[in-house]
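The values are calculated or read from the model by the stated rules, or taken from the named source; none is laboratory data. Keep in mind that this is a model prediction, so the values were computed, not measured. When we count neighbours, we look across all protein chains shown, and the Cβ atoms used for this are built from the backbone with ideal geometry, even at glycine. Just the protein is used for accessible areas: all its heavy atoms, side chains included, with ligands, DNA and RNA removed. Shrake-Rupley method; radii C 1.70, N 1.55, O 1.52, S 1.80 Å.
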Amino acid sequence: MTGFRRVASIDDIAPGKGIVVEVDGKQIAVFNIQGLFYAIDNTCPHRGGPLGEGSLRGTTVNCPWHGAQFDVTNGQVLGPPALAGVTSYTTKVEEGSVWVALS
């Protein structure tokens with residue numbers, strides 16, 4: 001299904017942190033980078049680690065299982081052991097809510 005889905009209040013995601021949400025049965029990691037919100041697949045392609053639970057430094061999230069690194073702004077892989085990036089999703093903020101589009 002396409003279109004934007006409300007996933008959180010902006011207050012639910014502290015600056016420099018991420019959360020995991022489910023949108024249409026899909027696990028999405030949503031991050032707050034200095035008031036800008038980014039969304040990527042939650043599942044690391046290396047071994048399935050939960051990226052939304054990883055540590056965030058700037059715009060880079062480290063997978064909590066094996067340390068693979070991803071750019072949360074576009075899903076690009078930045079460091080091994082993952083060899084591929086993850087899907088990134090368009091976000092928007094309206095009336096204090098964070099919205100993610102799966103299309």
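The set of residues in region 89-102 being among the hydrophobic types (A, V, I, L, M, F, W, C) and either surrounded by 15 or more Cβ atoms within 10 Å (Cβ to Cβ) or under 15 Å from SER55 (Cα atoms) (or both) consists of VAL98, TRP99, VAL100, LEU102. Among the residues of region 65-83, those that are of a type in the set (A, V, I, L, M, F, W, C), within 15 Å of the chain's Cα centre (by Cα) and part of a loop (DSSP other than H, G, I, E, B) comprise ALA68, VAL72.
Report, by residue number, each residue of region 1-59 that is of a type in the set (Phe, Trp, Tyr) and open to solvent by 50 Å² or more (accessible area, probe 1.4 Å).
Within region 1-59, PHE4, TYR38 meet the criteria.
Counting the residues of region 60-88 that are free of Cβ contacts under 8 Å to residues at least 24 places away in the same chain, open to solvent by less than 20 Å² (accessible area, probe 1.4 Å) and under 18 Å from VAL20 (Cβ atoms) gives 1.
Restricting attention to region 2-56 and to residues that are of a type in the set (A, V, I, L, M) and part of a loop (DSSP other than H, G, I, E, B), the residue that is nearest to VAL86 (Cα to Cα) turns out to be ILE13. Checked against the criterion of being of a type in the set (Val, Ile, Thr) and at pLDDT below 95, the candidates THR87, THR2, THR91, THR43 yield just one match: THR2.
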